[in-house]
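Below is one structure, written out as structure tokens, with a few remarks after it.
The values are calculated or read from the model by the stated rules, or taken from the named source; none is laboratory data. Just so you know, these numbers come straight off a predicted model, no measurement behind them. Positions of Cβ are backbone-derived with ideal geometry, glycine not excepted, and every protein chain shown enters the neighbour counts. To get the accessible areas, we keep the full protein, side chains included, count just its heavy atoms, and leave off ligands, DNA and RNA. Shrake-Rupley method; radii C 1.70, N 1.55, O 1.52, S 1.80 Å.
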Amino acid sequence: METDDSTFESYFANPPEGLDMSLLDRSRVPRHISCIMDGNGRWAVARGMSRGEGHKAGIVSLREIITACVRLDVEVLSAYAFSTENWKRPQAEVNLLMHLFAQTFIEELPLLKRENVRVVFLGDISALPDQTREVFEYGLNACADHTGMVLALAVNYGARAELARAARLLAKKVAEGKLAPDDIDEDAVSGALYTAGLPDPELVIRTSGEFRLSNYLLWQSAYSEFYITDTYWPDFNRWELVSAIIAFQHRDRRFGGLGTGKAARDDA
Ligand code: IPE
Ligand code: IPE
Ligand code: MG
């Protein structure tokens, strides 16, 4: 039987035992959730499969998380798909990933249309193999008029490269006399990043138990809350996303001040 998953209630019906959906405050879901999708290779190796099979399974997870975020009214979902350092991997794995990115983007266009998802890329996509770049450009065009959730895909993305590029862009404006050096403030830097115009991620999720950023959103995650799970990305699903959001909602975000939790109570 076709199940209707077009509403929050239906998409999140039947949670697994131990997850109490009433703990989720739907009015305080992060505007921008970011995923460092890690562990595809180990997921596959643990099952006696090739790393490529892990990447294919990872795409299924991303599809679920996209829909889950739309149902949760998230404004921006960003996902780290390929870093500037991932070129160091064996050529065959890089080729497969580039092929999968192109194939998936085409295959998922109907989903992006149905869910009104706008796609932006973070990273230098001009340096991708021709076929992948052309498909990305075609796909970007195809969903350019979508007005719903923004899906920001980090492909050939590295935060240091992004910051160096921002410095170049600002320096050029100064050289052209369009910007005064003293006007280079935090907003000017933010505006020169790939994420220009997007809110910073409030919640950064990393799967596979690694406690590092791996050159991801260094500037934008200055005050993000981190959620690290041992789950490999292909096993990450809507329920674990909800658990991450519930955990986020229990954090005392202070931004250098005293916040609203224990630190704010000065009983001395
Ligand atoms: C994440 O999974 C996907 C990419 C970096 C492209 P990995 O491929 O890093 O999987 P592990 O970390 O080797 O298990
Ligand atoms: C980070 O994962 C990049 C992506 C998820 C695309 P990696 O697997 O490349 O990170 P390291 O090498 O473990 O730091
Ligand atoms: Mg990895």
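Overview of results
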{"read-out": "Low-density loop cleavage sites - trypsin sites (Lys or Arg not before Pro) in region 18-51, where at most 14 other Cβ are within 10 Å (DSSP)", "value": "31, 47"}
{"read-out": "For region 110-268: rounded, prolate or oblate by the Cα gyration tensor [a/c cutoff 1.5]", "value": "oblate"}
{"read-out": "Heavy-atom accessible area per residue - the chain, 1.4 Å, Å²", "value": "53"}
{"read-out": "Inter-label distance, nm, simple model (7 Å from Cα along the C-beta direction), residue 75/residue 60", "value": "3.4"}
{"read-out": "Cα→Cβ-extended label distance, 7 Å offset, between residue 183 and residue 138, nm", "value": "4.1"}
{"read-out": "Computed magnitude of the charge dipole of the chain (debye, nearest 20; Cβ of K, R +1, Cβ of D, E -1)", "value": "600"}
{"read-out": "Within a Gaussian network of the chain (alpha carbon springs, distance under 10 Å), most fluctuating of 144, 244, 154", "value": "144"}
{"read-out": "Normalised contact order of the chain, rounded percent, pairs of Cα under 8 Å and 6 or more residues apart", "value": "26"}
{"read-out": "Region 218-268: chymotrypsin sites (Phe, Trp or Tyr not before Pro) in DSSP coil with no more than 11 other Cβ atoms inside 10 Å", "value": "255"}
{"read-out": "Heavy-atom accessible surface of region 113-211: percent carbon and sulfur, 1.4 Å", "value": "49"}
{"read-out": "Anisotropy class of region 1-88 from Cα gyration tensor, a/c 1.5 cut", "value": "prolate"}
{"read-out": "Trypsin sites (Lys or Arg not before Pro) restricted to DSSP loop in region 100-187 with at most 12 other C-beta within 10 Å", "value": "178"}
{"read-out": "Difference of contour (0.36 nm per residue) and Cα-Cα distance, residue 89 to residue 262", "value": "57.7 nm"}
{"read-out": "Model label zone, residue 23; criterion: amide N under 16 Å from point 7 Å along Cα-to-beta-carbon; scope region 204-230", "value": "227-230"}
{"read-out": "Added length on full extension, which subtracts the Cα-Cα distance from 0.36 nm per residue, residue 99 to residue 190", "value": "29.6 nm"}
{"read-out": "Inter-label distance, nm, simple model (7 Å from Cα along the C-beta direction), residue 31/residue 8", "value": "1.8"}
{"read-out": "Difference of contour (0.36 nm per residue) and Cα-Cα distance, residue 235 to residue 50", "value": "65.0 nm"}
